[in-house]
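Each remark here refers to the structure printed beneath this line.
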C-alpha cells in the first residue's frame, strides 16, 4: 500500500498531482515531471539525513496513487502531508496508507507526535481527520505551535496524533475484535 519514494514514479505522480482538485493541496508542487523527479531525489536525500519521511501510496496494482510524508521533523515529531490523485478519491486509499504509515512512524522509526495542519477552508480534510479516533484538536493544547502556523494569517486548524493515543485506540479495537470472536 505504501513504499519508499522512487524517482521513476515522477511522471505518474505528476499527472495525478496536476488535477485542479488535487494541486492546491500538494505541499511540494512541481511544474513538470522533470522538476518532480528532481524534488523526489532531494526528498530521498533529505530522508537519508533524517529530515523527512516520505512514501508513495500505491493502488492494488502497485501503481502510484499519491504520496504521504512527514515534514518539518523535530524532537520525534513532524507534520503530515498527504495527497491522492483524483481517480483515487473516496476509495479508501488514504485511510489504508495512513494506517500503514503511522504504524511505521510510531513503531519502526520512533516518532512520538504527528501534527496535521489543515486549512480551515478544506472542510473535506478536516472531516476526514476528525473521523479518526486517535486524532485530537491541538489548537488550544499546543497554542504556541498553533500560533506559529498561523503567524501570517489565521488559515489553519492544528491536530495531533500521539503514539500513546494511537496505540490505545488500536489495542482497544484489537480487544473488541477478540471479544467478538469469543462471543
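Set the Cα radius of gyration of segment 1-91 against 2.2 N^0.38 Å, with N its number of residues, and you get 1.03. Subtracting the Cα-Cα distance of residue 136 and residue 72 from 0.36 nm times their residue separation leaves 21.1 nm of extension gain. For the chain, modelled as a Gaussian network with Cα springs under 10 Å, which listed residue fluctuates most, 135, 26, 123? Checking each option, the largest mean-square fluctuation is seen for 123.
Using the Kirkwood formula over every pair of different C-alpha atoms, what hydrodynamic radius in Å results for the chain? Taking the inverse mean of 1/r over all distinct Cα pairs, the chain comes out at 17.3 Å.
Given axes a ≥ b ≥ c from the Cα gyration tensor, I'd like to know whether segment 22-62 is rounded (a/c under 1.5), prolate (a/b larger than b/c) or oblate. Judged from the Cα gyration tensor, segment 22-62 comes out oblate (a/c at least 1.5, b/c at or above a/b). Once the Cα-Cα distance is subtracted from the 0.36 nm per residue extended length, the residue 89 to residue 172 segment shows a gain of 27.0 nm. Each of 62, 103, 125, 10 has some number of other Cβ atoms within 10 Å of its Cβ, and from fewest to most they run 62, 103, 125, 10. Along each principal axis, taking the top coordinate minus the bottom one, the Cα set of segment 59-148 gives 42, 33, 22 Å in descending order.
Distance between the pseudo-spin-label points of residue 123 and residue 153 (7 Å out from Cα toward the beta carbon): 2.0 nm.
Any read-out appearing in this document is the output of simple, stated calculations on the displayed coordinates, not a laboratory observation. Quantities reported herein were computed from a predicted structural model and do not represent experimental measurements. FYI the Cβ positions are ideal-geometry reconstructions off the backbone, even for glycines, and counts take in every protein chain you see.
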